[in-house]
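First comes the structure, then the notes that go with it.
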Amino acid sequence: MIIRTSRRALPVAVSAATAVALLAGCTSGTSSSSTSAGASTSASATASATATPTATPTPTVKPTGANDPALKTFYGQQLAWAPCQDKGDQADDDQADTSALQCATLKVPLDYTAPGTGTLDVAVVRNPATKADQRIGSLVLNPGGPGGSGVGMVKGGPKRFDGPLHDRFDIVGFDPRGVAGTSPLKCLDDKTRDDWLDTDEPGPDHGKQLADACQAKYAQVLPFVSTRNTARDMDVLRAALGDQKLSYLGMSYGTYLGSLYAEEFPDRAGRLVLDGATSPSTPLIQHNIEQQAGFERSLKAFAADCAAKNPCPLGRDPDQAVQKLADFLDGLKDKPLKTTKGRTLTSTTAWTGVISRLYGGEKAWSGLRNALGWAMVRGQADDLLALADGYNGRDKDGRYEPSADAYTAIHCADGATDVPSGDQLKAALTDLAAKAPLVSKHDPTAALFDPDCRIWPFRSTEKPHAIKSAAAAPIVVVGSTGDPATPYAWSEKLTGELGNAVLLTREGEGHVAYDRSACIREAVNAYLLDGTVPAAGTRCKTD
């Protein structure tokens with residue numbers, strides 16, 4: 001899963017049962033376009049889908065993009081750009097000029113194998129190229145997740161790509177299926193979600209509670225929110241933008257979306273950059289174990305850094321500091337803390353707050369050290385709970401942002417349903433305990449099954465597999481040696497599996513690289529603008 005300390009600045013995710021079950025912004029399986037009986041959609045505010053008024057030709061079993069006559073209408077549409085009207089997504093910089101931003105709606109089929117059964121409206125935003133006479137096309141973004149809003153990414157950081165990249169590219173964001181402005185999924189009310197997220201004793205029906213609520217509200221949409229369908233939406237978007245080939249920058253989970261696009265549409269894949277790679281060939285359980293090991297390593301690095309500073313609530317002994325931290329967090333099960341407003345900091349929410357700051361790298365560690373100081377030394381929980389709230393998408397009034405359940409719904413639609421049992425489950429738990437004893441002790445079962453698709457109402461027939469790129473242009477994969485959420489080994493693995501790909505490396509802590517290193521930005525920008533492929537073995541330092 002992907003999470004960020006600022007809800008706009010980095011890739012995002014929605015929490016599952018506990019913070020120790022953080023699945024690093026990634027999906028480990030492939031996605032599905034299969035339908036279920038009775039899944040045709042009519043006009044419905046709940047489903048956020050509208051009926052297709054006229055029949056379309058019978059599609060091929062596997063959609064073939066623009067060559068499928070049943071999809072001709074979708075590929076031939078023109079976007080009606082207009083100034084963005086909503087004020088829900090404010091720029092991170094209050095002084096940023098957002099007047100140039102333009103919004104539009106893209107119409108896509110709910111089910112690509114049966115386009116006549118219904119449509120979805122996809123929210124799109126663009127920040128037009130600042131030098132129109134030098135414009136070379138559109139750069140489509142995905143911030144991660146699953147559950148991250150591409151619209152929010154562009155609206156929240158209009159200056160983020162200023163310079164040569166924005167001079168020549170329209171910067172384009174869109175909301176994937178089930179996310180924010182595109183049929184957002186919010187299965188639980190805010191009070192129920194508070195309880196669901198905070199509990200230290202999730203119980204056997206914890207996952208079922210969410211599954212039942214999502215099925216009751218979104219049964220018509222859930223089978224079709226897979227990443228593969230979103231990749232198909234992205235190709236319709238490419239055509240509507242007027243681009244012959246897709247230029248794309250995807251972060252974390254967005255690397256899976258980009259990989260599937262390259263697999264599905266190799267002739268339309270232009271210059272793709274995948275920053276903070278996931279591992280599509282790794283089954284979910286092993287994927288989670290490897291991610292937990294990444295957080296374990298990062299937690300130890302933070303604790304050692306804290307012990308070297310004064311004051312540090314973890315003491316001055318680097319060998320004991322991390323154990324002291326884990327003991328405090330686990331101890332909140334028996335002795336939770338109260339905030340000044342009467343809310344409770346549970347072990348689950350405390351772990352969430354701590355892990356969230358590991359995504360930010362060393363620059364985020366001082367804030368975590370301060371929050372822990374208030375909680376551990378003074379018994380004041382406000383700051384640590386605020387970190388968890390930021391991760392979970394909860395505002396100060398107790399309202400959760402839309403798409404809170406997109407993370408689970410998309411993963412489950414992507415085929416994350418491998419369920420080991422018996423000796424296999426015992427072996428997985430043993431492996432988890434060996435590789436991540438501290439971060440998984442809180443709830444090892446939740447760490448393995450994140451998200452919990454065991455009782456999800458829809459199943460994908462697809463399985464994890466290696467994705468090989470047949471695109472003409474090489475794909476640039478960016479990996480960070482100290483990335484806790486998407487371990488560097490995944491970037492190495494994806495590069496090798498894609499075949500026609502090159503690995504660009506950032507040395508340093510924190511999740512994803514583009515915003516953390518001028519060297520990385522220069523290399524990525526040169527590739528996107530001019531096609532200059534980074535030399536094999538290129539390594540960059542963190543700023």
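The values are calculated or read from the model by the stated rules, or taken from the named source; none is laboratory data. Computed from a predicted model, the values in this text were never measured in an experiment. We place every Cβ from the backbone using ideal geometry, glycine too, and count neighbours over all the protein chains shown. Ligands, DNA and RNA are stripped out before the accessible areas are found, and what is left, the full protein with its side chains, is counted by its heavy atoms. Shrake-Rupley method; radii C 1.70, N 1.55, O 1.52, S 1.80 Å.
At a glance:
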{"item": "Residue check, Asp483 surrounded by 20 or more Cβ atoms within 10 Å (Cβ to Cβ) and under 30 Å from Asp205 (Cβ atoms)", "result": "no"}
{"item": "Test: Asp162 is farther than 28 Å from Thr346 by Cβ, in contact with a helix residue (DSSP H, G or I) (Cβ under 8 Å, 6 or more places away or on another chain), open to solvent by 10 Å² or more (accessible area, probe 1.4 Å) and charged (D, E, K, R)", "result": "no"}
{"item": "Of residues in region 108-148 being polar (S, T, N, Q) and touching a Ser or Thr at 6+ places or on another chain (Cβ under 8 Å), the one surrounded by the fewest Cβ atoms within 10 Å (Cβ to Cβ)", "result": "Thr113"}
{"item": "Filtered residue count, region 504-515, keeping only those that are in contact with a strand residue (DSSP E or B) (Cβ under 6 Å, 6 or more places away or on another chain), open to solvent by less than 30 Å² (accessible area, probe 1.4 Å) and either under 17 Å from Leu257 (Cα atoms) or not aliphatic (A, V, I, L, M) (or both)", "result": "5"}
{"item": "So Phe174, is it within 18 Å of Val225 (Cβ to Cβ), buried (at least 22 other Cβ atoms within 10 Å of the Cβ) and in contact (Cβ under 8 Å) with a residue 24 or more places away in the chain", "result": "yes"}
{"item": "Any hit, region 310-318, residues being without any contact (Cβ under 8 Å) to a residue 12 or more places away in the chain and among the basic types (Lys, Arg)", "result": "yes"}
{"item": "Matching entry among Asp175, Asp162 (being farther than 18 Å from Asp243 by Cα and more than 18 Å from the chain's Cα centre (by Cα))", "result": "Asp162"}
{"item": "Residues being open to solvent by less than 30 Å² (accessible area, probe 1.4 Å) and assigned to a helix (DSSP H, G or I) - total across region 349-366", "result": "12"}
{"item": "Scope region 412-427; condition modelled with pLDDT under 95, among the small types (Gly, Ala, Ser) and either over 21 Å from Pro280 (Cβ atoms) or in a helix (DSSP H, G or I) (or both); matching residues", "result": "Ala413, Ser421, Gly422"}
{"item": "All positions within region 317-348 that are surrounded by 12 or more Cβ atoms within 10 Å (Cβ to Cβ), out of contact with any strand residue (DSSP E or B) (no Cβ under 7 Å at 6 or more places or on another chain) and among the basic types (Lys, Arg)", "result": "Lys324, Lys333, Arg343"}
{"item": "Condition check for Gln85: of a type outside the set (Gly, Ala, Ser) and at pLDDT 95 or above", "result": "no"}
{"item": "Residues (of a type outside the set (Gly, Ala, Ser) and open to solvent by less than 10 Å² (accessible area, probe 1.4 Å)) located in region 486-498", "result": "Thr486, Trp490, Leu494, Leu498"}
{"item": "Qualifying residue in region 331-350 (condition: modelled with pLDDT under 95 and among the basic types (Lys, Arg))", "result": "yes"}
{"item": "Number of positions in region 377-408 that are closer than 19 Å to Pro176 by Cα, in contact with a Gly (Cβ under 6 Å, 6 or more places away or on another chain) and not in a loop (DSSP other than H, G, I, E, B)", "result": "3"}
{"item": "Matching residues in region 468-526 - criterion: being among the basic types (Lys, Arg) and within 21 Å of Arg168 (Cα to Cα)", "result": "Arg521"}
{"item": "Residue match in region 296-305 (condition: open to solvent by less than 10 Å² (accessible area, probe 1.4 Å), assigned to a helix (DSSP H, G or I), modelled with pLDDT under 95 and closer than 26 Å to Leu503 by Cβ)", "result": "no"}
{"item": "Where Lys333 falls short, out of the listed (1) of a type outside the set (S, T, N, Q); (2) more than 30 Å from Asp414 (Cα to Cα); (3) touching a Ser or Thr at 6+ places or on another chain (Cβ under 8 Å); (4) part of a helix (DSSP H, G or I)", "result": "(4)"}
{"item": "Hits in region 367-380 - residues which are loosely packed, with under 14 Cβ neighbours inside 10 Å and touching a strand residue (DSSP E or B) at 6+ places or on another chain (Cβ under 8 Å)", "result": "Gly379"}
{"item": "Search result, residues across region 433-469 that are open to solvent by 40 Å² or more (accessible area, probe 1.4 Å), over 19 Å from Thr227 (Cβ atoms) and either at pLDDT below 95 or in a loop (DSSP other than H, G, I, E, B) (or both)", "result": "Lys441, Pro444, Thr445, Arg454, Ile455"}
{"item": "Candidates Ala523, Ala536, Ala473, Ala501 - the one that is over 24 Å from Trp351 (Cα atoms), at pLDDT below 95, open to solvent by 10 Å² or more (accessible area, probe 1.4 Å) and touching a strand residue (DSSP E or B) at 6+ places or on another chain (Cβ under 8 Å)", "result": "Ala536"}
{"item": "Residue check for Tyr514: of a type in the set (Ser, Thr, Tyr), in a loop (DSSP other than H, G, I, E, B) and at pLDDT 95 or above", "result": "yes"}
{"item": "Test for Asp111: is it in contact with a Phe, Trp or Tyr (Cβ under 9 Å, 6 or more places away or on another chain) and acidic (Asp, Glu)", "result": "yes"}
{"item": "Evaluation of Ala413 against (1) among the aliphatic types (A, V, I, L, M); (2) within 27 Å of Thr278 (Cα to Cα); (3) free of Cβ contacts under 8 Å to residues at least 40 places away in the same chain (one fails), failing number", "result": "(3)"}
